[in-house]
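Chemist: Okay, handing you the structure first.
The values are calculated or read from the model by the stated rules, or taken from the named source; none is laboratory data. These numbers were taken from a predicted model, which means no experiment stands behind them. Every residue, glycine as well, gets a Cβ built from its backbone with ideal geometry; the counts of neighbours run over all protein chains shown. For the accessible areas, the whole protein counts, side chains as well, though only heavy atoms, and no ligand, DNA or RNA atoms are used. Shrake-Rupley method; radii C 1.70, N 1.55, O 1.52, S 1.80 Å.
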Amino acid sequence: MTGVSPAPAIPGQAPQAALSRSQAGRAGERRCWAAYAISALGSGIGSGALPLVAILMLGASDWQVSLLAVLAGLAGAALAVPLGPFIEFHHKRPVMISADLIRFAALASVPITAWAGMLSYGQLCVVAVVQTAATIAANAAAQPYLKTLVPAPERARVNSHLETTTWTTGALGPPVGGLLVSATSPIASIGIDAVSYLLAACGWRRIRHHEPPPPQHNARRRRWLADTVAGWQYIYAHPGLRQLFANAMLFGGVIMASSPLIAVYLLRELHFSPLQYGIALGVPCAAGVAGSLLAPALIRRAGLGRTLLYAGVARCLWMAPILLAPPATAGLVLIIASDSALLLCAGIFNPAFATYRMNVTADTHLSRVVGAWAMSSKLVQPACIAAAGLLAATTGIRTAIAVLAVVLLACPVLVPWTALRPASRPASGHSEGDAR
């Protein structure tokens with residue numbers, strides 16, 4: 001791992017120095033996790049709050065609400081594109097702190113202008129775009145920073161803890177946010193989300209880890225366009241990352257496209273109540289938590305490559321059974337079981353994937369690779385949602401879900417089967433192998 005070279009051994013002091021470094025590293029990990037958990041919980045509580053503000057407080061039309069979501073993804077990703085080279089060649093913690101402060105300021109402007117009677121739909125669009133761009137930038141900086149903070153053998157464990165936090169806050173946050181909206185207004189959940197970013201920025205600031213110097217850029221060969229697209233070029237040049245990228249875009253697009261269709265299918269076709277629909281959505285999240293907790297042990301036993309492969313295949317098998325569900329309690333149980341199996345496999349796959357990408361990507365490109373991955377998702381997923389909606393409108397909900405299930409079954413073809421073999425080191429920068 002790239003990092004600060006250890007100090008020379010001093011007789012009688014080496015054990016204490018090693019202990020001190022170990023304690024500092026553990027403290028940094030805990031503070032990193034705490035900062036992430038706070039912002040993730042705030043995001044869970046505030047999820048969906050901006051559209052609710054547009055609907056309940058500004059009387060926005062259906063197309064305006066849809067436009068808000070589209071602008072957040074497309075414009076946010078476009079705004080984040082030129083930030084990739086800047087993040088890559090600068091220290092990462094200041095970027096993470098700045099991104100959280102920007103998100104705090106953007107979200108805090110909503111309750112402030114609402115209180116002043118100046119809130120507008122245009123402001124909500126700007127807030128959504130800024131929040132998306134800052135989120136992409138924060139993630140692009142966080143992965144390289146975590147790589148310098150955590151030794152290679154510990155990365156699967158730390159990524160597993162972060163994944164567990166994601167599933168837990170994703171399950172707890174929305175119900176809490178819903179209660180806040182019911183008791184007060186969506187402004188309250190937005191305010192909590194804003195404060196969570198401020199607290200996260202303070203948490204990042206408290207980490208005492210000495211970040212190593214960022215990669216050095218050859219100013220004489222600096223080309224803005226080449227630096228900007230370098231993340232996608234690196235992904236394309238690495239066989240494992242290239243296959244994972246294609247798999248991730250297709251899998252994520254299908255899952256996001258299926259969500260609104262499955263909601264309509266359960267509520268209108270199977271005539272489940274809103275309570276039953278909420279149970280079908282909420283209960284499987286526990287399987288995601290379980291999968292993330294199991295991931296480190298599975299990686300230790302089977303290896304990173306095999307875990308990545310088998311979980312990546314297994315998570316693609318569980319959409320089709322939903323179409324077999326009858327409009328009865330047995331159908332609800334089948335849907336919960338299918339979603340639970342999918343999320344269990346996803347909970348195992350995600351930390352293995354994060355560790356693999358972190359290990360095989362050179363330090364000189366990790367920020368841009370992570371940023372390119374996130375920006376591509378922001379562009380691909382809305383397109384998949386629109387295509388699936390058009391398919392459902394022309395052929396029906398069941399047919400559209402069946403097509404998505406078939407596409408999902410094709411995703412294992414794009415899983416990097418070669419991840420089971422030792423990979424050669426990239427030509428530039430520093431990486432640490434792959435399927436360890």
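Chemist: Would you please state which residues of the stretch 262-300 a label at T329 would reach in this model, taking the label point 7 Å out along Cα→Cβ and a backbone N cut-off of under 15 Å?
Modeler: In the stretch 262-300, the label zone of T329 (backbone N under 15 Å from the point 7 Å along Cα→Cβ) covers 273, 276.
Chemist: Also: Would you list R30, R315 from the most to the least accessible area, probe 1.4 Å?
Modeler: Descending accessible area places them as R30, R315.
Chemist: Classify the stretch 224-263: rounded, prolate or oblate, from the alpha-carbon gyration tensor (a ≥ b ≥ c, eigenvalue square roots; a/c under 1.5 rounded; otherwise prolate if a/b is larger than b/c)?
Modeler: oblate
Chemist: Given points 7 Å out from each Cα along the Cα-Cβ axis, report the V195 to A226 separation in nanometres with one decimal.
Modeler: 5.0
Chemist: Now for a separate question. Could you sort L267, L79 by their accessible area in this structure, using a 1.4 Å probe and putting the largest first?
Modeler: Descending order: L79, L267.
Chemist: Taking a label point 7 Å from the Cα of L67 along the Cα→Cβ vector, which residues of the stretch 109-130 have an amide N closer than 18 Å to it?
Modeler: Answer for the stretch 109-130: 119-130.
Chemist: Skip the ligands, DNA and RNA, and give the accessible area per residue of the stretch 108-264 with a 1.4 Å probe, whole Å².
Modeler: 46
Chemist: Simple spin-label model, 7 Å along Cα-to-Cβ: A320 to A286 in nm?
Modeler: The two pseudo-label positions are separated by 2.8 nm.
Chemist: How would W204, W417 rank on accessible area, largest to smallest, probe 1.4 Å?
Modeler: Sorted descending by solvent-accessible area, the residues read W417, W204.
Chemist: To the nearest 20 Debye, how big is the dipole of the stretch 166-294 about its Cα centre, given +1 on the beta carbon of each Lys and Arg and -1 on that of each Asp and Glu?
Modeler: In debye, rounded to 20, the stretch 166-294 gives about 700.
Chemist: Now, a different point. Take the solvent-accessible surface of the protein heavy atoms, probe 1.4 Å, and return the percent of it on the chain that carbon and sulfur atoms account for.
Modeler: 69
Chemist: About the Cα centre of the chain, what is the dipole size in debye to 20, counting +1 per Lys and Arg Cβ and -1 per Asp and Glu Cβ, all else neutral?
Modeler: Charge dipole of the chain: 1240 debye, to the nearest 20.
Chemist: Sticking with this structure for a sec: How far apart, in nm, are two points set 7 Å out from the Cα along the Cα-to-Cβ line at C202 and at L267?
Modeler: According to this spin-label approximation, the distance is 3.9 nm.
Chemist: Hey, what number do you get for the chain at 222 nm if only DSSP H runs of n ≥ 4 count, each worth -39500 (n - 2.57), divided across all residues, to the nearest 500?
Modeler: -25500 deg cm²/dmol
Chemist: Separate question: Calculate how steeply helix 304-314 sits against the longest principal axis of the alpha-carbon atoms of the chain, using the helix alpha-carbon long axis, and give the answer as 0 to 90 degrees to the nearest 10.
Modeler: 10
Chemist: Ok, one more. Mind pulling the angle between the C-alpha long axis of helix 155-183 and the longest principal axis of the chain? Nearest 10 degrees, somewhere in 0 to 90.
Modeler: 40
Chemist: Of L281, P214, A314, which is farthest along the charge dipole of the chain in the positive direction, counting Lys and Arg as +1 and Asp and Glu as -1 at C-beta?
Modeler: P214
Chemist: Please give the helix 62-80 orientation as an angle from the longest Cα principal axis of the chain, in degrees from 0 to 90, rounded to the nearest 10.
Modeler: 10
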